[in-house]
Protein chains: 2
Amino acid sequence: MSRKVIIIGAVAAGPKAACRLKRLQPDWHILMLDQDSLISYGGCGIPYYVSGDVSDESELRSTSFHMVRDKRFFEDAKGVEVRTRTRALAIDRNQKEVRVQYLDTGQEEDLRYDTLLLATGAQPFELPIPGAQLDGVFTISDLHKAIEIRKRIAAGKVSRAVVIGGGAIGIEMAEALTDLWGIETSLVELEPRLLPGAVDSHFAAMLKQHLEEKDVRVFTGESALSMIDNGSGNVAGVQTNMRSLEADLVIMAVGVRPSSELARAAGLDVTSWGAIKVNQRLQTSDPNIYAAGDCIATTSLVTRRETYAPLGSLANRQGRIAADNIAGHPAVFKGVCNSFIMKAFDRCIGATGISYEAALFEGFDADYALTSPSDRAHFFPGQAVVILQLVFDRKSRRILGLQAFGNMNDSISARVDAAAALIAEGGTIEDFGTLEMAYAPPFAAAIDSINAAAYVAENMCDNRLRRVHLNHFLRWVDNMACEPNWVVVDLRHPKEAEPYIERFGAAHWMSLPYEQMRNIHEQLPTDKNCILVCNAGTRSYEVQVFLDAIGKKNTQVLCGGLNVISRMGVSWYGGKEA
Amino acid sequence: MSRKVIIIGAVAAGPKAACRLKRLQPDWHILMLDQDSLISYGGCGIPYYVSGDVSDESELRSTSFHMVRDKRFFEDAKGVEVRTRTRALAIDRNQKEVRVQYLDTGQEEDLRYDTLLLATGAQPFELPIPGAQLDGVFTISDLHKAIEIRKRIAAGKVSRAVVIGGGAIGIEMAEALTDLWGIETSLVELEPRLLPGAVDSHFAAMLKQHLEEKDVRVFTGESALSMIDNGSGNVAGVQTNMRSLEADLVIMAVGVRPSSELARAAGLDVTSWGAIKVNQRLQTSDPNIYAAGDCIATTSLVTRRETYAPLGSLANRQGRIAADNIAGHPAVFKGVCNSFIMKAFDRCIGATGISYEAALFEGFDADYALTSPSDRAHFFPGQAVVILQLVFDRKSRRILGLQAFGNMNDSISARVDAAAALIAEGGTIEDFGTLEMAYAPPFAAAIDSINAAAYVAENMCDNRLRRVHLNHFLRWVDNMACEPNWVVVDLRHPKEAEPYIERFGAAHWMSLPYEQMRNIHEQLPTDKNCILVCNAGTRSYEVQVFLDAIGKKNTQVLCGGLNVISRMGVSWYGGKEA
């Protein structure tokens, strides 16, 4: 029996669901609505279109075989009816009707459905500050805005820009402006660090340091108070609580919120923060209405609690699952690990699961194994250090998350993706220790970075490794009086230790080379807390184990070592990247 | 209570176990023996040393902090006693003694142990053919041979080489010789295809095609019968059953077998093919003797049967687990997915789990989803097609394996590693469909290649996709008389179809563009079996679904499309890589 399905929203979840449905039920009438004229585009590609990496906006709306996914394409190739510039005004659940308005004519109409899919997406927050409506102030809400931004840049109208918001989109936009157009760009973030919520603060610090190396001016812990008017209605800059920043272009990228007005008005269950509630079949509180994509709340596979994961990739997967269920083929979307990855100039940062800070907040007996191994065999040309951290629960030994920062290539994808697969299954430290990462020297170290991090986590859980908290150590270096009893024992080559001994004095920084420790351990101060330091932390751990065995337990390991410090942009770090 | 552990073998599993043991039980006496003088090296790095990518052999024996891992290093830094050039002759299990011979003096001694670890590794097969002992014929059995090979090359003594064996090591060696030294290199493989056992034949064909593009002469299905003597005891070439190949250097890389003579002589259980049997704690049939690394049999996590996985990465992981158990900290090694990855010039090939051919042999209700998606967002600069195949069991819907072939970067690592994590947990097609791959356009497509392949597998299992077997299609193109009833329906742009219509005639190859199909389906032959062809297979599938719905069920999809064909080096493929 033929049925009619109406899909509201035609960017990611909507088109995916529409096409899948039509394939599963070729006789059904599938009608997809969108208030925009441009549909089915890769919104995550906008920064690369603005940068010019993607030469034409139509590429973001094209298939891999270079056909533009417009109304006509969906109708001819897919058999899906599309109405663009059509706004859904209200849902009448009793009559099973959607009231729509055709924006070009103003005309309204009631459309009957058997099943309805809400794929209404998300909309960017707009800061409620004076001047937010000035010409030259943009959110990245749709492709039209992206086209307008690029047009202004290409026309030479932008020499300075301010991006407000230090999340992924803000950072990607800052890169796009700086790297390819040479625009003097400032990035302002209210929180004291970049990527709040996504990674721990030391990872955010490494990212910040790299952005600054690439000439992005980064102002964290700073709030935009107002836009500066040039006197004729155009933006001339941003006034923060700290300074005034000149700009011809301001991009607000302060997050998105689910577009759920329609659902809420129809009496569907929504969360307190406005996301549509669905079950694992992506069904809303009305069994005839499904929802997918950036407008829904989903479940964290780590915390088992409600979370929000507005990402094009998940929207596509959810669109397909909603279609399956609507078509009568049961399928489930269990939830997300909140995996995330991004390019930032020459670096890549990625994560999955939850951060250490989030894990503490969630009440886990959380800890983290911070490491800095090679991203491939250390003898292979082009190998580089990657900073990789596993977050775990000491009690259950479950891995709760992974974060990584390294060179721009796909090696972090490999670790994040493998970790997500295992975290979703409740993987433990031991599972990560034996996780089978494909090995050859051009791709991995014989002991893969992810296995190595699991080993560190295991040693911590089993109380074989006592570490100093990174932040505590950094505070001490800034003000050694705060821990008068501490001394660094530098296990690297004496030449490497030398500049630090000179800088901090032999009372605070001493050299006892790793490989001689079994002979020179008598020189270890017995009345101090010795912070064992090397480049990656592995030598420090070995030395701690040895010292413990001979009864010298006054040591703490700096996990991840100077490889981490060197990337964080701390003022006292003297050398190049360790 | 202090105990004495003897470890026989000091390359990968041995040193890892020794150091871990010393950390877990600092008071114990750990003695590691090896008959070689060079120990603790990355054997997998040998091809990169021979090529010159790794400039000095000592780099293969160094830590990431540039210390050479020699006898002295293990003793000073690790507290592990090492005796090199010391051969274990026999094990007396009752007395718990190992009889050793010091190779430099010829002296013998009995060494008592409390626990023994066999890490005796593997040795390369030597072909029992005339001339195998000639000067210039090498196996890659240890670092000395690698040093000698490179010395000869660097001295200009090698202008032509033959590599016997088309497995990973043979291919890596062929690349090393050709790419960096410009040596005219032939690769001879007995089986009709490269990488036998590791991948299906179409993947092997893609690899072969690329090697040939890079000027390696590849002779598959050809057996080396003898070495040719130049008259003074030096090799001058290889005589195969087909031809005579000139060579100053011959490398035999025809596989390795576990070194288990010692274990067998001591009455320990070994498999019929000579690997030491161990339980999940890596304990042999004698509870006081453990074994790890290339000398043991392990379990396939796919088939649950005995398998062999001689890889440095696994040896390291096993060494650690053996040490844990010896030290009294229970740990298990559950088995392997046989993950594998390699660089071959500009390409990467990788796999995990079992191949389709192996799955059939193992009695699974096996099938495979062959796809050719983009390795990242199709609009992102530098994106490329990757050939990716999932092997699955139709009955249980379990994923049995993944194979991938694409550009040389880490993107295949990401898919292989994530797949291995999930295959080890018994992941199904549906699990792979929702596998959370971290998404941003520089790293992945919104619908990741691995998700897309799972969708194809699902459609096949649910009988929504009827495909033609790739090999059957290729046979037909070579001899169209064998299936007189077949016709290709090319769904691409008519310009793309044109050369094929010209070549094969309109009776065998016709053009019906994808996006017009809903209007032109009347032109589809009703009396033929129509093979639907496009670049990736996705359009073909969509068209099949549409045609099925209107009652036209005489079609089959060429999964993976011409993207696969174009990489396989078939003679009739006209264009560049699709």
Given (1) away from chain B (no Cβ under 13 Å); (2) farther than 22 Å from A:H469 by Cα, number of the condition A:E496 does not satisfy: (1)
Candidates A:I412, A:I349, A:I423 - the one that is outside the structural domain of A:V302 (by TED's automatic domain parsing), touching a Phe, Trp or Tyr at 6+ places or on another chain (Cβ under 7 Å) and of a type in the set (A, V, I, L, M): A:I349
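Yes/no matrix, rows are residues, columns are (1) among the charged types (D, E, K, R); (2) more than 11 Å from every other protein chain (Cβ to nearest Cβ); (3) in contact with a Cys (Cβ under 8 Å, 6 or more places away or on another chain):
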residue: A:Q283; (1), (2), (3): no, yes, no
residue: A:L314; (1), (2), (3): no, no, no
residue: A:I321; (1), (2), (3): no, no, no
residue: A:T352; (1), (2), (3): no, no, yes
residue: A:D365; (1), (2), (3): yes, yes, no
residue: A:S374; (1), (2), (3): no, no, no
residue: A:A377; (1), (2), (3): no, no, yes
Selected residue (criterion: nearest to the other protein chains (Cβ to nearest Cβ)) from residues of the range B:502-519 that are aliphatic (A, V, I, L, M) and within 25 Å of B:V545 (Cβ to Cβ): B:M517
Some residue of the range A:351-365 being part of a loop (DSSP other than H, G, I, E, B) and under 30 Å from A:L180 (Cβ atoms): no
Given (1) in a loop (DSSP other than H, G, I, E, B); (2) within 11 Å of chain A (Cβ to nearest Cβ), number of the condition B:G406 does not satisfy: (1)
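Limited to the range B:328-349, what total is found for residues that are over 30 Å from B:V385 (Cα atoms) and within 11 Å of another protein chain (Cβ to nearest Cβ)?
So the count comes out to 7.
If a residue must be part of a loop (DSSP other than H, G, I, E, B) and either in contact (Cβ under 8 Å) with a residue 24 or more places away in the chain or more than 7 Å from chain B (Cβ to nearest Cβ) (or both), how many such residues does the range A:411-439 contain?
Qualifying residue count, the range A:411-439: 3.
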Matching residues, the range A:290-300, being out of contact with any helix residue (DSSP H, G or I) (no Cβ under 8 Å at 6 or more places or on another chain) and more than 12 Å from chain B (Cβ to nearest Cβ): A:A297, A:T299
Meets criteria (closer than 30 Å to A:D200 by Cβ and either under 36 Å from the mean Cα position of the chain (by Cα) or not assigned by TED's automatic domain parsing to the domain that holds A:R394 (or both)) for A:R492: yes
Number of the condition not met by A:A536 [criteria: (1) within 12 Å of another protein chain (Cβ to nearest Cβ); (2) more than 26 Å from A:Q209 (Cα to Cα)]: (2)
Enumerated strands (runs of 3 or more DSSP E) restricted to the range A:249-296, each holding at least 2 residues that are hydrophobic (A, V, I, L, M, F, W, C): A:249-252, A:289-291
Which listed residue is charged (D, E, K, R), modelled with pLDDT of 95 or more and more than 18 Å from the chain's Cα centre (by Cα), from B:R264, B:R193, B:R257: B:R264
Complete set of residues in the range A:180-226 that are more than 15 Å from A:I164 (Cα to Cα) and among the charged types (D, E, K, R): A:D200, A:E212, A:E213, A:K214, A:D215
Residue among B:G433, B:G382 that alone is over 18 Å from B:D365 (Cβ atoms), out of contact with any His (no Cβ under 9 Å at 6 or more places or on another chain) and modelled with pLDDT under 95: B:G382
Only listed residue being more than 14 Å from chain A (Cβ to nearest Cβ), at pLDDT 95 or above, more than 30 Å from B:R99 (Cβ to Cβ) and within 24 Å of the chain's Cα centre (by Cα), chosen from B:T307, B:T303: B:T303
Leading residue by the ranking (farthest from B:S355 (Cα to Cα)) among those in the range B:410-425 that are in contact with a Ser or Thr (Cβ under 9 Å, 6 or more places away or on another chain) and either acidic (D, E) or surrounded by fewer than 24 Cβ atoms within 10 Å (Cβ to Cβ) (or both): B:D410
The range A:292-309, residues that are over 15 Å from B:T434 (Cβ atoms) and surrounded by fewer than 20 Cβ atoms within 10 Å (Cβ to Cβ): A:T303, A:R304, A:R305, A:E306, A:T307
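Can you say whether A:F432 is more than 13 Å from A:I450 (Cα to Cα) and of a type outside the set (S, T, N, Q), as far as the supplied structure shows? If you could, list the steps in order and put the result at the bottom.
Working: more than 13 Å from A:I450 (Cα to Cα): no; of a type outside the set (S, T, N, Q): yes.
Taking the combined requirement at face value, the residue does not satisfy it.
The values are calculated or read from the model by the stated rules, or taken from the named source; none is laboratory data. Given the structure is predicted, the values throughout are model-derived calculations rather than measurements. Here the Cβ is made from the backbone with ideal geometry for all residues, glycine too, and neighbour counts use every protein chain on show.
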